[in-house]
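Student: Structure provided below as structure tokens; questions to follow.
The values are calculated or read from the model by the stated rules, or taken from the named source; none is laboratory data. Just so we're clear, the structure is a prediction, and the values are computed from it rather than from any experiment. Cβ coordinates were reconstructed from backbone atoms using ideal geometry, including for glycine residues, and neighbour counts include every protein chain displayed. Areas reflect the complete protein model, heavy atoms only, side chains present, ligands, DNA and RNA absent. Shrake-Rupley method; radii C 1.70, N 1.55, O 1.52, S 1.80 Å.
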Amino acid sequence: MAKRCTFSAKPRTWMAAFILMSALIPSSLKAQAGGEAPVRYLESQKVWVLTTRRSSYVMGVNAQNDLQTLYWGGRLESDHDIGSAHLQPSHASFDSPQTMTNMEYPGWGGMYYNEPCAKVTLADGDRDLVLKYDSYRINGNELEIRLKDIQYNLTVSLNYRVYPAEDVIRKQAVIENHTPQTVTVESAQAGVWTVPPGEGYRLTYLTGRWAGETQVIQEPVNPGKKVLESRRGNTSHQLNPWFAIDQTGEDGPATEQHGRVWFGALGWSGNWKLVVEDTPSAHQVRVTGGYNDFDFSWPLKPGQSLETPPFYGGYSGAGFGRASRLMHRLERNRILPDHAHPRLRPVLYNSWEATEFNVNEAGQKELAAKAAKLGVELFVMDDGWFGARNNDHAGLGDWTVNPRKFPNGLKPLIDYVNGLGMKFGLWFEPEMVNPDSNLYRRHPDWVMNFPGRPRTEARNQLVLNMARDDVREYVFNALDQVLAHNNIRYIKWDMNRHFAEPGWPEAPVAEQKEIWVKYVNNVYNIMDRLRARYPELEIESCSGGGGRLDLGVLKRVDEVWTSDNTEAFDRLRIQEGFSFAYAPKIMSAWVTDVPNLNRRSTPLKFRFLVAMQGSLGIGANLDRWTEAEMSQAASLVAYYKSVRAAVQMGNLYRLLSPRRGGVTANEYVSADGRQAVLFAFRHSQQLLRPAPTLYLEGLDDRAMYRIRPLDDKLAESQREVSGAYLRRHGLNFRLGGDYDSTSVTLERED
Ligand code: DGJ
């Protein structure tokens, strides 16, 4: 551990500490940061410089001891270019210098009017929190800066971690009460990301609903605040905790390939909040994020602390495409459970759309046999296998195998599935209970509730109060029992409703609002413990589709169910939005039967090619598929396997957006650059209108590529072309009619 430094330290002590710090920085990190140590303190300017491969983040301490954000953007190459911090003057008595200055972690106190990062009330009634710089410590790619209130021994540790290769920095704050009285925290934000002063900023974010998640919205940032949040207990389908800000320059707004894009995402699966603010006084755009302060209150007794979720932020000088690729790299290399040794996602079959609750040993075996013939590697039995679960009215909470459906337990089915060469996965909805269940009859007090008030049901179920440790232990043990006795390698962890009446009557009144945070921490706790006990176990995060998708849960799960809407044309938009923030590897995408939820019918090939752009699954009723469909599906699964490393681990280039025209196209280039795969979809053709040329990206101009078309849609006759040709001339396809689709792979020749 590097020693903590304060400015009062004698220069020689300081130098010694600096030498120690430098020694702690592995050379691999320096290389990733382009030769610079990822975290440096420049004493002459009193600034900290966080350096990634292509970006810099600079903070400094001014003469008043405020910690200021000085810069976030493209990499600064010379320390001489970096100035020091100073308060901006205010021009009127209506604005304070603090309000006009970019504060790195402002408390609500003094004369401060922008969105604060922390707000507290002390037991003696004092609500004024003015945080000043106290000390810092550098350890490799980590920096801790400690702030302290001007009067009370109330501190905030700001923890930074630099991810040089991903051009991302993580912020997280820990509020610590060293006073002798209780301090109630009313807002605890991880931090604020401040973009350079300027005009013409635009916000991109992801919104949606059940069956229509991750829709991309872009709008100008205007003075005032735009709040993106969840008050529903989980991440939510409605808004996702990710943002991007770009700036309209001389060439217009940022595009997929060009322009400055600042982006960020919270790692939290509970109530969260992002405040995108253009401060009216200073006209400064900033994004504050952390726990949602709505219905939030967290008493800290003397000696206690509260840690915020992590807030990741990154910079791309090459448009949204690179911004997404950096997020994908961050998730694959730093966040996901397998980040140290990334694995390819298996091709999955899920029984839900085929059987719904009507599962039994014979029926599942029949489906499994067919799935195996298609090349499926993981067979997942969905809802309906436990308790009295014949529909959604009963059984949730009773995690014992239904003896009528599986008289000999799950073992015969699992053995059969394993015998076919597939792993076995099982559905759970651990946080829920049906009132018609043994669990609820035994423990009606285990659901969140306000005594004497209604308990509002949704999908005939109530939410267990997972904040309670006894409930957490019940759920952990229930899952553990099933896993201990069966060879289960995959859990689909579902959550089919949001909170209502979030009461916790057994807790002291002052602590009852902690339910929002403790609930999530206990869900995380169960996932972490299960993974530790069963190292081969993988988890899918599902919340009626993509309701729990964020960098917090992604530390614990291997993939996410993108949407209950599996209709392929709708999926193009849902998947595009998903890909802005989340890696294709995480994006679970099934081929299902048609007509689907919205009564649209698309060809089997179209459905497969759409689903192949993520982690491919099949959710159709295979009992109804013809021989011809089975054989087409088998060859498409084989095709997917031949390109999935590029799709799942490579770099995504969104060539044509489904939001813009009649053709969608995406290209994935493998991490080593040896393979690229292109998917193109024509939604509906106007008579005789050709499909647009597709210009490829991410290839080496001078290299030659062998083209392997999936079908006869490629207009070009040559089968070997240069990277320059693919980039400049592009490829043309005979895509016509409705819902036509194609794919080609390009293999580098040398
Ligand atoms: C909602 C999920 O999104 C579906 O895939 C399925 O698992 C059902 N729940 C089961 O009840």
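Student: Scan the range 407-420 and tell me whether some residue there is within 16 Å of the ligand (Cβ to nearest atom) and aromatic (Phe, Trp, Tyr).
Tutor: no
Student: Follow-up question, since we're still on this one. Collect the residues in the range 169-216 that are part of a loop (DSSP other than H, G, I, E, B), open to solvent by 30 Å² or more (accessible area, probe 1.4 Å) and not polar (S, T, N, Q), keeping them in residue-number order.
Tutor: His178, Pro180, Pro196, Pro197, Glu199, Gly200, Arg209, Trp210
So that you can scan it fast, the table gives a plain yes or no per residue for (1) closer than 30 Å to Arg607 by Cβ; (2) of a type in the set (A, V, I, L, M):
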site: Arg497; (1), (2): yes, no
site: Glu514; (1), (2): no, no
site: Val520; (1), (2): no, yes
site: Val523; (1), (2): no, yes
site: Asp528; (1), (2): no, no
site: Gly547; (1), (2): yes, no
site: Val560; (1), (2): yes, yes
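Student: Quick one: in the range 501-538, which of the residues that are small (Gly, Ala, Ser) and open to solvent by less than 50 Å² (accessible area, probe 1.4 Å) is nearest to Arg345 (Cα to Cα)?
Tutor: So, considering only residues that are small (Gly, Ala, Ser) and open to solvent by less than 50 Å² (accessible area, probe 1.4 Å), the one nearest to Arg345 (Cα to Cα) is Gly503.
Student: List the pairs whose first member sits in the range 324-352 and is over 30 Å from Arg260 (Cα atoms), whose second member is within 16 Å of the ligand (Cβ to nearest atom) and assigned to a helix (DSSP H, G or I), and whose Cβ atoms are under 8 Å apart, counting only residues at least 6 apart or on separate chains?
Tutor: Sorted first by the residue in the range 324-352, then by its partner, the pairs are Tyr349/Leu367; Ser351/Gln364; Ser351/Leu367.
Student: Looking at Gly661, Gly730, Gly736, Gly698, which one is of a type outside the set (A, V, I, L, M) and open to solvent by less than 20 Å² (accessible area, probe 1.4 Å)? Steps first, answer last, please.
Tutor: Values: Gly661 fails: open to solvent by less than 20 Å² (accessible area, probe 1.4 Å); Gly736 fails: open to solvent by less than 20 Å² (accessible area, probe 1.4 Å); Gly698 fails: open to solvent by less than 20 Å² (accessible area, probe 1.4 Å).
From the options Gly661, Gly730, Gly736, Gly698, the qualifying one is Gly730.
Student: Taking the range 501-520 only, how many residues are without any contact (Cβ under 8 Å) to a residue 40 or more places away in the chain and either within 16 Å of the ligand (Cβ to nearest atom) or assigned to a helix (DSSP H, G or I) (or both)?
Tutor: Matching residues across the range 501-520 total 2.
Student: For the range 522-554, how many residues meet the condition of being touching a residue at least 24 places away in the same chain (Cβ under 8 Å), assigned to a helix (DSSP H, G or I) and away from the ligand (no atom under 16 Å from the Cβ)?
Tutor: 12
Student: Considering only the range 317-402, give the helices (runs of 4 or more DSSP H) lying wholly within it that have at least 1 residues that are away from the ligand (no atom under 15 Å from the Cβ).
Tutor: Filter on the range 317-402 gives 319-330, 361-374.
Student: Strands (runs of 3 or more DSSP E) wholly in the range 627-718 with at least 3 residues that are of a type in the set (D, E, K, R) - which ones?
Tutor: none
Student: Here is a further query. Report whether or not Val58 is free of Cβ contacts under 8 Å to residues at least 40 places away in the same chain, aliphatic (A, V, I, L, M), under 16 Å from Gln189 (Cα atoms) and out of contact with any Ser or Thr (no Cβ under 7 Å at 6 or more places or on another chain).
Tutor: In short, no.
Residues checked against (1) within 16 Å of the ligand (Cβ to nearest atom); (2) open to solvent by 30 Å² or more (accessible area, probe 1.4 Å):
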{"residue": "Val433", "(1), (2)": "yes, no"}
{"residue": "Asp445", "(1), (2)": "no, yes"}
{"residue": "Met448", "(1), (2)": "no, no"}
{"residue": "Pro454", "(1), (2)": "no, yes"}
{"residue": "Gln461", "(1), (2)": "yes, no"}
{"residue": "Met466", "(1), (2)": "no, no"}
{"residue": "Asp470", "(1), (2)": "no, yes"}
{"residue": "Phe476", "(1), (2)": "no, no"}
{"residue": "Phe499", "(1), (2)": "no, no"}
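Student: With respect to Thr69, is the statement that it is polar (S, T, N, Q) and farther than 16 Å from Tyr112 by Cβ true?
Tutor: Against the criterion (polar (S, T, N, Q) and farther than 16 Å from Tyr112 by Cβ), Thr69 does not qualify.
Student: For Trp14, are the conditions met, namely being modelled with pLDDT of 95 or more, out of contact with any helix residue (DSSP H, G or I) (no Cβ under 6 Å at 6 or more places or on another chain), among the hydrophobic types (A, V, I, L, M, F, W, C) and within 18 Å of Glu144 (Cα to Cα)?
Tutor: Working: modelled with pLDDT of 95 or more: no; out of contact with any helix residue (DSSP H, G or I) (no Cβ under 6 Å at 6 or more places or on another chain): yes; among the hydrophobic types (A, V, I, L, M, F, W, C): yes; within 18 Å of Glu144 (Cα to Cα): yes.
It is false that Trp14 is modelled with pLDDT of 95 or more, out of contact with any helix residue (DSSP H, G or I) (no Cβ under 6 Å at 6 or more places or on another chain), among the hydrophobic types (A, V, I, L, M, F, W, C) and within 18 Å of Glu144 (Cα to Cα).
Student: Take the residues of the range 560-603 that are away from the ligand (no atom under 16 Å from the Cβ), among the hydrophobic types (A, V, I, L, M, F, W, C) and not in a loop (DSSP other than H, G, I, E, B): which is most open to solvent (accessible area, probe 1.4 Å)?
Tutor: Across the range 560-603, the extreme among qualifying residues is Phe569.
Student: Return a yes/no flag: does the range 370-385 have any residue that is open to solvent by 40 Å² or more (accessible area, probe 1.4 Å) and out of contact with any Gly (no Cβ under 9 Å at 6 or more places or on another chain).
Tutor: Yes, the conditions are met somewhere in the range 370-385.
Student: For the structure I just gave you, tell me whether Leu636 is closer than 20 Å to Thr566 by Cβ and buried (at least 21 other Cβ atoms within 10 Å of the Cβ).
Tutor: yes
Student: Among the residues of the range 289-317, write down those that are open to solvent by less than 20 Å² (accessible area, probe 1.4 Å) and farther than 29 Å from Ile175 by Cβ.
Tutor: Ser316, the sole residue that qualifies.
Student: With the condition kept exactly as written, say whether any residue in the range 388-405 is more than 15 Å from Lys492 (Cβ to Cβ), among the small types (Gly, Ala, Ser) and open to solvent by 20 Å² or more (accessible area, probe 1.4 Å).
Tutor: Scanning the range 388-405 turns up at least one residue that is more than 15 Å from Lys492 (Cβ to Cβ), among the small types (Gly, Ala, Ser) and open to solvent by 20 Å² or more (accessible area, probe 1.4 Å).
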